[in-house]
1. List every residue pair whose Cβ atoms sit under 8 Å apart, with the two residues 6 or more apart in sequence or on different chains, where the first one lies in the stretch 203-220 and is within 13 Å of residue 232 (Cβ to Cβ) and in the same structural domain as residue 147 (by TED's automatic domain parsing) and the second, anywhere, is of a type in the set (D, E, K, R) and part of a helix (DSSP H, G or I).
2. Which residue pairs have Cβ atoms under 8 Å apart, sit 6 or more places apart or on different chains, and have a first residue in the stretch 61-79 that is within 20 Å of residue 151 (Cβ to Cβ) and in contact (Cβ under 8 Å) with a residue 40 or more places away in the chain and a second that is surrounded by fewer than 16 Cβ atoms within 10 Å (Cβ to Cβ) and charged (D, E, K, R)?
3. Looking for something touching a Leu at 6+ places or on another chain (Cβ under 6 Å), over 21 Å from residue 148 (Cβ atoms), at pLDDT 95 or above and not hydroxyl-bearing (Ser, Thr, Tyr) - is there at least one such residue anywhere in the stretch 234-246?
4. Looking at the stretch 228-254, I want the residues that are within 20 Å of residue 139 (Cα to Cα) and have a partner that is part of a helix (DSSP H, G or I) and among the small types (Gly, Ala, Ser) with Cβ atoms under 7 Å, at least 6 apart or on another chain. Which pairs are those?
5. Of the residues 99, 108, only one is surrounded by fewer than 16 Cβ atoms within 10 Å (Cβ to Cβ) and under 28 Å from residue 132 (Cα atoms); which?
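The values are calculated or read from the model by the stated rules, or taken from the named source; none is laboratory data. Just so it is clear, the model here is predicted, and its values are computed rather than measured. Reconstructed Cβ throughout: ideal geometry from the backbone, glycine too, with neighbour counts over all protein chains shown.
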Amino acid sequence: MIRTGHTGGVAAQRDAAAAGPRPDGPGGAEARGGGARADGRATAEQVLAAAERLFAERGVEAVSLREIAKAAASRNTAVAHYHFGGKEGLVRAIVARRAPALNSRRGALLAQAGDRAVARGHPVPAEDLVRVLVIPLIEELDRGGHYVGFLARLAAERHRAPWVAELDDSSTASFREVSALLARQLPGLDRRRFRHRRDLLVQLVVGALAARDNGEASGEPGLALRAGFTGDLLEAAVGLMLAPAGSDGRDPRRPPGETPGITR
């Protein structure tokens, strides 16, 4: 289990993260006026940036709240606990901070895919839905920061942190929406197998992106051009979800027992 670094409950951390960083600093900063509130928000942003970087580099479990405070250049060693209630609150706040751009981009890509599908008179094909899921994550490479590395660590530690499963709220709304559409386009996969492949997809994509980001940052020799890398990653993602299913190697886009024919 992830150590939360405080004695409060999970619900308290979840509420703190949902409310966002506290605008006032320790010692009644809110009472000292708008300048103090602005300072408090700036400190909270520094804490989030430091936590995202350290979590990406070493994992959520391995990083202490004191280390995050030091990396954020704060003299208050309890600053992360004060603003976010602990590690769980920090993780939720990092996701919530990044989610609007991802949700917006994924929504735009889904709308474009929908327009193309309407013109053809068919539902959005599974291949396009996989791309809608993955492309916003690939584009994080251009945004800078450490979010893909953070997601890769979070995915790797998911089994040790059951509360991570509760992150599927408004922060991941677009991912859940597109996943539901994709499941309907892959009727040959039962619920268990679909979720397994989707989880593998996330691990593949964020892990590959984190490795690529680290390679570019360290000047790793022999890296393929990014366009080639992202193209291969997209093809691998589509291939994973559309790979033949079952001992009979059926196309997952066809319901079990359907006679092979033209796929949708």
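1. Within 8 Å, the pairs are 209/140; 212/226.
2. Close Cβ pairs (under 8 Å, with a partner that is surrounded by fewer than 16 Cβ atoms within 10 Å (Cβ to Cβ) and charged (D, E, K, R)) amount to 61/3; 61/160.
3. No, there is no match, as no residue in the stretch 234-246 is touching a Leu at 6+ places or on another chain (Cβ under 6 Å), over 21 Å from residue 148 (Cβ atoms), at pLDDT 95 or above and not hydroxyl-bearing (Ser, Thr, Tyr).
4. 233/208
5. 108
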